[in-house]
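The values are calculated or read from the model by the stated rules, or taken from the named source; none is laboratory data. Worth saying up front: this structure is predicted, and the values here are computed from it rather than measured. When we count neighbours, we look across all protein chains shown, and the Cβ atoms used for this are built from the backbone with ideal geometry, even at glycine.
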Amino acid sequence: MLAPALLVIHLGIRIVFPSPSIFTDLVLFNLVAFIASIIAFGAPRFNDHYAKRAIGFAFLFWAIGSTISSFNSFSSWKVAPQLVDIGYSLFYPFLLFGLVRALVAKRKITRIEIVDTLIVVIGISAVSASLLMKPAISRFDGSTATVFLSVVYPIGDVVILAMSVALILRHKFHLRTSFLLAGIAAFAITDFIFFWLSATSVYSFASLNDDGWLLGLILIAESLSHHGGEIEVSERITTAWANLAFWFSLSALAISTLLPQFLSHVVVLPCLVSIALVFIRMEIRIRLVRDSHEERQLALTDELTGLPNRRRFLQELERLNRKDGSLLLMDLNGFKEVNDRFGHDVGDELLKQISIRFSRLTPANVLLARLGGDEFAAVIIGSKAESLELANSLRASLTYPFNLSAVDLSVGVSIGCASNEGETLAPELLLRRADSAMYEAKRSGSGVVFWLPSLDLIKSR
């Protein structure tokens with residue numbers, strides 16, 4: 001309640017004593033802005049962590065800019081006015097980012113999100129301001145850069161108000177969104193009144209209108225004290241805004257180069273910055289796609305042997321629903337004894353060597369996978385004859401020993417084969433048939449067995 005109470009006191013003093021004073025317009029006015037920043041930083045925990053910080057810093061930067069501006073109005077010794085512009089300019093990207101985080105239900109911050117915010121703020125604001133530069137120069141005093149920033153501020157308000165309304169319209173109205181929209185509107189209206197009064201040379205420092213900025217900050221800060229209303233928003237929406245800003249910037253840059261008389265040269269730098277950010281965004285996206293692809297590959301790859309794992313095998317098995325092919329299930333013979341006698345390190349190395357031998361014999365169109373332990377599998381798109389030929393080749397590859405740790409180690413393999421040639425079989429049924437055939441191959445010692453209906457009866461016994 002302290003911030004609104006101080007705002008009411010400030011308004012009362014200003015009405016009774018309209019002349020500017022250090023206490024009223026330097027201390028009390030800016031104290032309200034700093035308190036609004038503290039309120040945002042200390043908002044309840046149910047708020048997005050980044051939203052609280054971003055809005056808090058936005059208010060803090062605005063309060064610093066306002067304090068310096070107020071100080072310069074009273075003092076003969078002037079603090080660098082560029083600091084005022086920096087403070088006010090930083091207010092917009094931080095506020096836009098914080099408001100989006102406050103309205104959108106998500107936790108993890110992304111680099112794409114930060115870059116998109118900068119592209120929207122710099123691109124759209126710069127291009128819009130450049131269109132108003134020519135008429136504004138004749139209305140405002142100061143350097144071209146000062147005039148440019150004076151025009152940018154109300155346009156920044158429009159961008160923030162438009163994006164906030166677009167998000168709020170997807171909510172059901174409640175206290176959080178009501179306070180938020182009222183705060184943004186109050187701040188934007190105050191900015192527009194200030195812009196108009198300055199353009200018509202009737203603005204005076206410490207006018208009643210200035211309290212609209214404080215009212216806007218207080219209402220936005222108050223919105224963070226109310227829970228609910230967050231929505232799910234696809235990244236495509238923020239990407240669309242960023243793309244729009246990019247094309248605006250590119251068009252403005254082309255116009256300012258080919259027809260400099262239509263646009264001010266001031267637009268060149270922010271447009272170049274916006275375009276550079278788009279390329280940075282593309283680089284980030286490429287890296288994310290590559291990392292995502294690598295993560296998917298790792299999720300489908302056996303860590304020990306580098307072969308596809310069970311998950312990848314089951315995905316490939318689904319393809320046999322639509323094509324003729326066969327499934328081979330393989331279980332090593334004698335591997336447990338080697339593992340128990342020589343240890344897991346030797347066992348792991350033996351599995352790697354077996355995988356290498358199997359891989360050398362496996363055609364490119366066959367998926368060879370390690371299912372876990374000493375079990376392997378192969379999914380073959382082709383005829384029964386091709387499957388049987390591969391099964392015999394894989395079995396033959398283990399007929400000569402492996403030399404590991406100066407010891408010759410021998411293992412064998414039992415292979416069960418099942419085919420859906422001429423049938424439409426569910427993957428689960430094909431898997432059961434191959435398992436029955438492998439069970440018979442191990443039981444009989446025959447090495448390779450193709451499934452027959454009688455094998456299910458033998459296994460059930």
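Residue-wise test of (1) touching a helix residue (DSSP H, G or I) at 6+ places or on another chain (Cβ under 8 Å); (2) surrounded by fewer than 21 Cβ atoms within 10 Å (Cβ to Cβ); (3) not hydrophobic (A, V, I, L, M, F, W, C).
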position: Asn30; (1), (2), (3): yes, no, yes
position: Ala33; (1), (2), (3): yes, no, no
position: Arg45; (1), (2), (3): no, yes, yes
position: Tyr50; (1), (2), (3): yes, yes, yes
position: Arg53; (1), (2), (3): yes, yes, yes
position: Phe57; (1), (2), (3): yes, yes, no
position: Leu60; (1), (2), (3): yes, no, no
position: Thr67; (1), (2), (3): yes, no, yes
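Just checking, does the stretch 413-426 include any residue being at positive phi and more than 46 Å from the chain's Cα centre (by Cα)? Steps first, answer last, please.
Residues of the stretch 413-426 that are at positive phi, as a first pass: 422.
Narrowing further to those that are more than 46 Å from the chain's Cα centre (by Cα): 422.
So far as the stretch 413-426 goes, yes, one or more of its residues are at positive phi and more than 46 Å from the chain's Cα centre (by Cα).
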Exercise. Between residues in the stretch 176-194 that are in the same structural domain as Val100 (by TED's automatic domain parsing) and polar (S, T, N, Q) and residues that are buried (at least 20 other Cβ atoms within 10 Å of the Cβ) and not in a helix (DSSP H, G or I), which pairs lie under 7 Å by C-beta distance while being six or more apart or on different chains?
Worked result: Thr177/Gly229
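Inside the stretch 330-345, can you point out the residues that are surrounded by 17 or more Cβ atoms within 10 Å (Cβ to Cβ) and either under 18 Å from Ser405 (Cα atoms) or of a type in the set (Val, Ile, Thr) (or both)?
Applying the first criterion (surrounded by 17 or more Cβ atoms within 10 Å (Cβ to Cβ)) to the stretch 330-345 yields 330-333, 335, 338-339.
If the condition is that a residue be surrounded by 17 or more Cβ atoms within 10 Å (Cβ to Cβ) and either under 18 Å from Ser405 (Cα atoms) or of a type in the set (Val, Ile, Thr) (or both), then Phe335, Val338, Asn339 are the ones that fit.
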Exercise. Can we say Phe97 is of a type outside the set (A, V, I, L, M), closer than 20 Å to Ala40 by Cβ, at pLDDT below 85 and under 33 Å from the mean Cα position of the chain (by Cα)?
Worked result: yes
Problem set entry | Subset tally (residues that are farther than 17 Å from Tyr88 by Cβ and touching a Pro at 6+ places or on another chain (Cβ under 8 Å)) for the stretch 178-229 | 5
For this session: Find the residue count for the stretch 359-382, including only residues that are of a type in the set (Asp, Glu) and touching a helix residue (DSSP H, G or I) at 6+ places or on another chain (Cβ under 6 Å).
Result: 1
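Output the helices (runs of 4 or more DSSP H) that fall wholly within the stretch 119-232 and possess 1 or more residues being hydroxyl-bearing (Ser, Thr, Tyr), surrounded by fewer than 20 Cβ atoms within 10 Å (Cβ to Cβ) and modelled with pLDDT under 65, or say none.
Numbers: elements: 144-168, 175-199, 211-223.
Result: 144-168.
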Exercise. Say we look at the stretch 69-85 and pick out the residues that are touching a helix residue (DSSP H, G or I) at 6+ places or on another chain (Cβ under 7 Å) and among the aliphatic types (A, V, I, L, M); which of these is nearest to Val32 (Cα to Cα)?
Worked result: Val84
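So, Ala58, is that one at pLDDT below 90, part of a helix (DSSP H, G or I), assigned by TED's automatic domain parsing to the domain that holds Gly216 and out of contact with any Ser or Thr (no Cβ under 7 Å at 6 or more places or on another chain) or not? Working first, answer last.
Working: at pLDDT below 90: no; part of a helix (DSSP H, G or I): yes; assigned by TED's automatic domain parsing to the domain that holds Gly216: yes; out of contact with any Ser or Thr (no Cβ under 7 Å at 6 or more places or on another chain): yes.
Here the answer is no, as Ala58 does not meet what is asked.
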For this session: Would you check if Arg322 is touching a helix residue (DSSP H, G or I) at 6+ places or on another chain (Cβ under 9 Å), of a type in the set (Lys, Arg) and free of Cβ contacts under 8 Å to residues at least 24 places away in the same chain?
Result: no
For this session: Pick out, from the stretch 367-442, the strands (runs of 3 or more DSSP E) lying fully within it that include 3 or more residues that are at pLDDT 90 or above and buried (at least 23 other Cβ atoms within 10 Å of the Cβ).
Result: 375-381, 412-419
